[in-house]
Amino acid sequence: MFKRILVANRGEIALRILRACRELGVETVAIFSEADRGAAYLELADEAICVGPAKAADSYLKIDRVISAAEIGNVQAIHPGYGFLAENAHFADVCRSCNIEFIGPSHLAMSLVGDKNAARRLAAESKVPTVPGSEGLVGSEAQAVSLAHELGFPVLIKAAAGGGGRGMRVALNDLALKSALQQAQAEAEAAFGNADIYLEKYVEHPRHVEVQVLADLDGNVVHLWERDCTMQRRHQKLIEESPAPHLDRKTRSAMCEAAVRLVKAVNYTNAGTVEFIVDPRGHFYFIELNARIQVEHPVTEMITGIDLIKAQIRVAAGEPLPFKQEDIRQDGAAIECRINAEDPGKNFRPSPGVIERMIIPGGLGVRFDSHVHAGYAVSPYYDSMIAKLIVHQPTRREAIDCMKRALAELRIEGVKTTVPLHQKILDHPAFSEGGVDTTFIERTWPS
Ligand code: MV4
């Protein structure tokens, strides 16, 4: 096991990793920007090193500064958390060249799955269902038009370097396709420095279901079942849960087995998430492989009883997975609400400021993952997520009731939060019934 690791992140995920390290007996070095100086969670690290000014591009994203902190802190490994440098294959490669273990997949596996078009090809080769679409990149406008006629409109243009919904465009007809192609290419070039695009049939009214996987350095790969992340707004997930409602046993098994096949095919190691969309008929299609621990990992931890952060650290240190597929349970139902400091009355504009008063819910099956507290100043510089409220109960019905109770106990005053929206969703019959698709929020509350 590592003696000492660097936590290359901030906020709730930095705290989550610090907690796991403490339990493992691993010493920690935290990094912080000027905006996070003095944050309470930093006191839980053995050492904390400033890496620069508030702007992430000048601190948390600056590879030379993060590596310098790792050298000064004398660590053997870096945990990147999510966001920032977590899916930066170049960073993983720099860590390797500095003899620092990157707690995540190899830079090779990461750059492979970072190319969404290559990941799609590898999925198809591994008999993982993909959405009908282009075989490889789209080379010309004429090719795109003829392919769209074969597939039938609507079609979706995706950037090879994109992901998470960035750089996607729907086209409904020939004319729209031609201009969307130009726009998508220009946008992809500007955003990712790579104009490569590919085409898929647009799957309407999909549900978003993803499979958690874990792989060690000896080639053992397991899945930890699925999470349903359909309840989202503008590609920002609001609520995640496991098991996915209305997923029959055969589809669930097929999806989880497909995820494991793909992970093996790309020699992927550590924790990862294989993302699928499920159409209204229940057919599933591979979308992308996310090479990081995800925000919503706690719902999987609750139903499996497996600490995913500890597992990541252990497999990065070369330990074999301590469980087999048949040992991994899916017990009860877990739901997570992402609580953001945003103003639902002002189009979800970030609502930074000081938290004046805060009361955290508790009780059986209630988990609250957050770095904030009364007196904490929510910074305008970073993501607006300030807490995750997670519940675990024997059934989905009980989990919903428990979440409603916990949300009613929660008090956060001084900043506006998304809690009222969560309450509206939990009270909505379509959510209780479990039958929503990714367009639910925008359709139900157009403003
Ligand atoms: C799609 C799709 C429909 N058809 N691909 C959005 C996030 C990115 N990872 C993939 N996404 C989608 N890909 C095809 N061929 C619809 C989405 C999509 C979506 C997926 C998951 C969760 C929310 C979503 C919201 C809008 C669109």
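The values are calculated or read from the model by the stated rules, or taken from the named source; none is laboratory data. It should be emphasised that the depicted structure is a prediction, and the values quoted were computed from it without experimental measurement. We place every Cβ from the backbone using ideal geometry, glycine too, and count neighbours over all the protein chains shown. We work out accessible area using only protein heavy atoms, side chains counted, and drop any ligands, DNA or RNA first. Shrake-Rupley method; radii C 1.70, N 1.55, O 1.52, S 1.80 Å.
Summary table below
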| quantity | calculated |
| --- | --- |
| Net lengthening on full extension, ASN74/LYS346 (0.36 nm per residue, minus Cα-Cα) | 93.4 nm |
| Alpha carbon centroid spacing (whole Å) that separates region 170-190 from region 79-105 | 33 Å |
| In nm, spacing of pseudo-spin labels at THR395 and ARG357 (7 Å Cα→C-beta vector) | 3.7 nm |
| Distance from region 261-304 to region 379-445 (C-alpha centre basis), Å | 22 Å |
| Evaluated at q = 0.16, 0.17 Å⁻¹: base-10 log I(q)/I(0), Debye formula over Cα of region 189-341 | -0.92, -1.02 |
| Semi-axis lengths (Å, descending) of the ellipsoid that matches the C-alpha gyration tensor of region 132-201 | 18, 11, 11 |
| Full-stretch length increase - ALA191, THR444 - with 0.36 nm per residue and alpha-carbon distance subtracted | 87.9 nm |
| Percent RCO, i.e. relative contact order, over region 281-416, from Cα pairs under 8 Å lying at least 6 residues apart | 28 percent |
| In Å², nearest 10: area of LYS264 left accessible to a 1.4 Å probe | 110 Å² |
| Taking the chain and dividing mean pair separation by its residue count, relative contact order in percent (alpha carbons under 8 Å, at least six apart) | 14 percent |
| GNM top mover of ASP401, ASP174, ASP36 - the chain, alpha-carbon springs below 10 Å | ASP174 |
| Dipole axis of region 4-103 (+1 Lys, Arg; -1 Asp, Glu on Cβ), positive-most option in ALA89, GLY73, GLY25 | ALA89 |
| With every protein chain in place, region 132-201: carbon and sulfur % of accessible area (1.4 Å) | 52 percent |
| Mean separation of Cα contacts under 8 Å, 6 or more apart, over the residue count of region 4-103: relative contact order % | 30 percent |
| Of VAL145, VAL170, VAL26, the one that fluctuates the most in a GNM where the chain has Cα springs shorter than 10 Å | VAL145 |
| Mean accessible surface per residue for the chain, computed with a 1.4 Å probe while every protein chain stays in place, in Å² | 41 Å² |
| Debye intensity ratio in log₁₀ form over the Cα atoms of the chain, taken at each q of 0.10, 0.12 Å⁻¹ | -0.73, -1.09 |
| Sulfur and carbon atoms: percent of accessible area, region 1-110 [1.4 Å] | 48 percent |
| GNM flexibility winner over the chain from ASN340, ASN270, ASN194 (Cα, springs under 10 Å) | ASN194 |
| Phi to ³J(HN,Hα) by Karplus 6.51 cos²θ - 1.76 cosθ + 1.60 over region 50-60, Hz, x for Gly, Pro | 6, 10, x, x, 4, 4, 4, 4, 9, 9, 4 |
| Theoretical ellipticity at 222 nm over the chain - DSSP helices of four or more residues, -39500 (n - 2.57) apiece, nearest 500 | -10000 deg cm²/dmol |
| Residues GLU34 and GLU125, FRET efficiency given R0 of 60 Å [Cβ-Cβ distance, rounded to 0.05] | 0.80 |
| Stretch gain in nm, segment SER432-GLU135, where the contour uses 0.36 nm per residue and the Cα spacing is subtracted | 103.0 nm |
| TYR376 accessible area, assembled protein chains, probe 1.4 Å, Å² | 20 Å² |
| Anisotropy class of region 385-443 from Cα gyration tensor, a/c 1.5 cut | oblate |
